[in-house]
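Notes to accompany the following structure.
The values are calculated or read from the model by the stated rules, or taken from the named source; none is laboratory data. Since this is a predicted model, take the numbers as computed values, not measurements. Neighbour counts run over all protein chains shown; Cβ positions are idealised from the backbone, glycine included.
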Amino acid sequence: MFFFDHACSLFWVFRVCIDNDTYRDCTLVKVDSANKQGMLLEIVQVLTDLDLVISKSYISSDGGWLMDVFHVTDQLGNKITDEGLIRYIQEEICTSRGGNGENRSIIAEEETRPTLMSIENTALEMTGMDRPGLMSEMSAVLAELGCRVAAATAWTHKSRAACIIYLEDESNGEPITDPCRVAQVRAQLENVVEAHHYDNERRSVRLTGPAVGQTHTERRLHQLMAADRDYEMCSSCCGNDSDNDDDDVYGNGRHYKKQKKECYGTHVKIEKCKDTGYSTVTVRSRDRPKLLFDTVCTLTDMQYVAFHAAIRSEESIAVQVNAQHSLYLRTDSVSAFFVSNLLTSENSRNTT
């Protein structure tokens, strides 16, 4: 059992325990800390970026103190036994709490996925209608303008698309900072994106200059898709996991009655408890990598705080069976329809 205590200041004491003794088939990651907005997301982000499988989780952060337990394995279902990786997890979870949740992410040195990028690069952000050849046309324009792509990630959902492309000057590998050149690149790309759009259809092309720090690409893509309102074309699956046929599941501004007991679609149920001031959000869906991260990211960006939660997956993520998340949120007002559609959309986006 490995312990790591970190005192960031007089009022912040952070403790991370990696426990390989309690269970034979998984490693427990236990985190105790004073709580702050976005803390849960930062912890889940660290574990997710290392491709660890979270099969169960218990979360409690009431009273200003956070106590979280995560049951994790690697992608092959093995416990985390490498001491270097254990130390890395402990140190990076502690380090993450000192940063800004929007610009902080952890990724192992050996990883090559563009999950984390230095924002010393010029970043191109695009949202618009998805169509065949869009990325190819954008790449051709960038090459013609002497821009080299350092990394890129794109998401598609329904008929909408979002991408983040990190650019360098092809001649010297430096960020593109000249205002005239930035304006030229943006104007050319806007022509490409607008080419097949209808009048008044939503679209956006944005270039941001270099800055100090790092950005988490998938966190930013969540925000771009939400701003593009891709969830408006999504609805929760008919039915839920209750035995009561009168139970409702919110989706796309309407109530859907349960039609069949066995259903592997996405179910989002929201209940309000007047006595405690909590709203309970239950998400039931086919399990997949990053499901917990996507759920927590969505709620965090909506300024909701998960005070208590129980998450479980019945089988390996590779099998893709049902997972159920129950989160107790405290907020002034929870829009059931909006939360439902947004969480449902997280389960149907495609990543490239």
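Against the test of being surrounded by fewer than 16 Cβ atoms within 10 Å (Cβ to Cβ) and either in contact with an Asp or Glu (Cβ under 7 Å, 6 or more places away or on another chain) or at pLDDT below 90 (or both), the options T156, T112, T122 yield a single qualifying residue, T112. Determine whether the stretch 10-21 contains at least one residue that is at pLDDT 80 or above and in a loop (DSSP other than H, G, I, E, B). Taking every residue of the stretch 10-21 in turn, at least one turns out to be at pLDDT 80 or above and in a loop (DSSP other than H, G, I, E, B). Considering (1) in a loop (DSSP other than H, G, I, E, B); (2) over 25 Å from the mean Cα position of the chain (by Cα); (3) modelled with pLDDT of 65 or more, the lone condition that C180 does not fulfil carries the number (1). How many of the residues making up the stretch 141-177 are assigned to a helix (DSSP H, G or I) and among the charged types (D, E, K, R)? Summing the residues that are assigned to a helix (DSSP H, G or I) and among the charged types (D, E, K, R) in the stretch 141-177 gives 1. Just one of (1) surrounded by 14 or more Cβ atoms within 10 Å (Cβ to Cβ); (2) within 30 Å of D25 (Cα to Cα); (3) at pLDDT below 80; (4) over 17 Å from the mean Cα position of the chain (by Cα) fails for A310. It is (3).
Matching residues to (1) part of a loop (DSSP other than H, G, I, E, B); (2) modelled with pLDDT under 80; (3) surrounded by fewer than 21 Cβ atoms within 10 Å (Cβ to Cβ):
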site	(1), (2), (3)
A226	no, no, yes
S235	yes, yes, no
C238	yes, yes, yes
S242	yes, yes, yes
Y250	no, yes, no
S285	no, yes, no
V296	no, no, no
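Here I86 clears all of (1) more than 19 Å from the chain's Cα centre (by Cα); (2) modelled with pLDDT under 90; (3) surrounded by fewer than 20 Cβ atoms within 10 Å (Cβ to Cβ) except the condition numbered (2).
Restricting attention to the stretch 22-77, which residues are assigned to a helix (DSSP H, G or I), under 14 Å from A306 (Cα atoms) and β-branched (V, I, T)? Passing the criteria: I43, V44.
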